[in-house]
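Student: The structure is given below, and queries will be raised subsequently.
The values are calculated or read from the model by the stated rules, or taken from the named source; none is laboratory data. Computed from a predicted model, the values in this text were never measured in an experiment. Cβ: placed from backbone, ideal geometry, glycine included. Neighbour counts: every protein chain shown. Surface areas here come from the heavy atoms of the whole protein model, side chains and all, with no ligands, DNA or RNA. Shrake-Rupley method; radii C 1.70, N 1.55, O 1.52, S 1.80 Å.
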Amino acid sequence: MEEKILKTIKKYNLISNGDKIVVAVSGGPDSMCLLNILKNLRQKFNIELFVAHINHMIREEADSETEYVKNYCEKNNIKCFIKRANVLEMAKEQKKGTEEMGRIVRYDFFEYVANEVSANKIAIAHTENDNAETILMNLMRGASLEGLKGIEPIRGKYIRPLIECNREEIEKYCEINKLDPKFDKTNNDNTYTRNKIRNLLIPYIKKEFNPNIIETLNRLAVLARQDATYFNKIVKESYADILLYENINNNDINNLNENLEKHIILDLKKFNKLEYVIKSRVLLYTINKLLGTTKGIEKINIEDMIKLCEKNIGNKCLIPNKNVKIFVKKGKIFFTKL
């Protein structure tokens, strides 16, 4: 098991000598397997480990899980950061779903701990099973190629050394190494979409269609990542070719009375010559550069933007997600942050 994970680490260059790594640990089998293996690799990579544990204050067992993680860290000389957050109350106050709120709290805390200890990596215990579940969730939401990529082995400072391991292997490792991990009973609650996919949909597909669906979906993710990497290269090259201005002052735009704090301007004629599949990706790439996200941008928004550019409608603007305005004027496409 450790050799398998070491191969994944080397394949995706997840860990370098001297890294400082925050490990997200719930106390469950996946995160305890990850923590134990990284602990065993400390000397090999000369890495420093820190644990970030969130107590969501939802279940009665949460406090015992916190103590379990704390005791493991004390026994193995690993600094442990613990946060208690009433996720249910926070979700109500902020009018968010419990799953979404929990994820926000967790990742905010991981970033906080990383900043506190000057860590350059954050290790998350996502597995092949998690990846398969994510791909199915994305498919049902009408995912693009990006959605079929699933959970990437590395994304920025986030690394996932268990991404090529399945849940059965992980639970067996925990048993052999007598880790005695805690099991979250809410994983059996099919109120949540991911749990429905994990507990109902995947077992049904295994029984009726494909017993190897987990491996199949993970192969799909690898292929999708390869294709996405190629497309992203083409998109960056196209963006650079049609870019006229990026984050410039108002003074650089002639005859415009817009109060533009942050904006990007592209060449309309060159944009219209691009293939449709590249146009849509260039638009998303541009908006992401401007806002740092493409959240709220739907397929229909992209289609409207392309029509706006192709018809060169100079008296109309689009505001697809309330954070960006797009309009065409004098042979240019303007993207303005609102």
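Student: Determine whether GLU298 is acidic (Asp, Glu), farther than 24 Å from ASP241 by Cα and open to solvent by 30 Å² or more (accessible area, probe 1.4 Å).
Tutor: Here the answer is yes, as GLU298 does meet what is asked.
Student: Next up: List pairs: first in the range 312-338 and closer than 19 Å to LEU244 by Cα and in contact (Cβ under 8 Å) with a residue 40 or more places away in the chain, second surrounded by 12 or more Cβ atoms within 10 Å (Cβ to Cβ) and of a type in the set (Phe, Trp, Tyr), Cβ under 7 Å, 6+ apart or cross-chain?
Tutor: ILE333/PHE271; PHE334/PHE327
Student: A further question follows. Determine if the range 30-39 includes at least one residue that is open to solvent by less than 60 Å² (accessible area, probe 1.4 Å), among the basic types (Lys, Arg), more than 18 Å from GLU111 (Cβ to Cβ) and modelled with pLDDT under 95. Give the derivation first.
Tutor: Start the filter on the range 30-39 by keeping residues that are open to solvent by less than 60 Å² (accessible area, probe 1.4 Å), which leaves 30-39.
Still in the running and among the basic types (Lys, Arg): 39.
Adding the requirement that they be more than 18 Å from GLU111 (Cβ to Cβ) leaves 39.
Now drop any that are not modelled with pLDDT under 95, which leaves none.
Looking through the range 30-39, none of the residues is open to solvent by less than 60 Å² (accessible area, probe 1.4 Å), among the basic types (Lys, Arg), more than 18 Å from GLU111 (Cβ to Cβ) and modelled with pLDDT under 95.
Student: Filter the helices (runs of 4 or more DSSP H) completely within the range 1-90 down to those with at least 2 residues that are touching a strand residue (DSSP E or B) at 6+ places or on another chain (Cβ under 7 Å) and free of Cβ contacts under 8 Å to residues at least 24 places away in the same chain.
Tutor: Those helices (runs of 4 or more DSSP H) span 62-75.
Student: Does ASN257 fit the bill of being more than 21 Å from GLU146 (Cβ to Cβ), open to solvent by 70 Å² or more (accessible area, probe 1.4 Å) and at pLDDT below 90? Give the steps one after another, and end with the answer.
Tutor: Details: more than 21 Å from GLU146 (Cβ to Cβ): yes; open to solvent by 70 Å² or more (accessible area, probe 1.4 Å): yes; at pLDDT below 90: yes.
Yes: the conditions hold for ASN257.
Student: Which condition breaks for ASP189 when tested against (1) within 20 Å of the chain's Cα centre (by Cα); (2) open to solvent by 20 Å² or more (accessible area, probe 1.4 Å); (3) modelled with pLDDT under 95?
Tutor: Evaluating ASP189 over (1) within 20 Å of the chain's Cα centre (by Cα); (2) open to solvent by 20 Å² or more (accessible area, probe 1.4 Å); (3) modelled with pLDDT under 95 leaves (1) as the failure.
Student: If you don't mind, there's one more thing I want to ask. Kindly state which helices (runs of 4 or more DSSP H) lie completely within the range 141-254 and contain at least 1 residues that are of a type in the set (S, T, N, Q) and either touching a Cys at 6+ places or on another chain (Cβ under 6 Å) or under 20 Å from ARG103 (Cβ atoms) (or both). Spell out how you get there, then give the answer.
Tutor: Details: elements: 145-148, 167-176, 193-196, 202-208, 213-242.
The qualifying helices (runs of 4 or more DSSP H) are 193-196.
Student: Moving on. What residue, among those in the range 97-113 that are open to solvent by 70 Å² or more (accessible area, probe 1.4 Å) and modelled with pLDDT of 90 or more, is farthest from THR186 (Cα to Cα)?
Tutor: Among those residues, the one meeting the criterion is TYR112.
Student: Of the numbered conditions (1) on the phi > 0 side of the Ramachandran plot; (2) over 21 Å from the mean Cα position of the chain (by Cα), ASN13 satisfies every one except a single condition; which is it?
Tutor: The single condition ASN13 does not satisfy is (2).
Results for (1) loosely packed, with under 15 Cβ neighbours inside 10 Å; (2) of a type in the set (Phe, Trp, Tyr), shown as yes or no for each residue.
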| site | (1), (2) |
| --- | --- |
| ILE176 | yes, no |
| LYS182 | no, no |
| THR193 | no, no |
| LEU200 | yes, no |
| PRO203 | yes, no |
| PRO211 | yes, no |
| LYS233 | yes, no |
| TYR239 | no, yes |
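Student: From ASN272, ASN321, grab the single residue that is modelled with pLDDT of 95 or more, open to solvent by less than 60 Å² (accessible area, probe 1.4 Å) and either more than 29 Å from ALA143 (Cβ to Cβ) or among the polar types (S, T, N, Q) (or both). Talk me through it step by step, then tell me what you get.
Tutor: Details: ASN321 fails: modelled with pLDDT of 95 or more.
Step by step, each of ASN272, ASN321 is checked, and only ASN272 is modelled with pLDDT of 95 or more, open to solvent by less than 60 Å² (accessible area, probe 1.4 Å) and either more than 29 Å from ALA143 (Cβ to Cβ) or among the polar types (S, T, N, Q) (or both).
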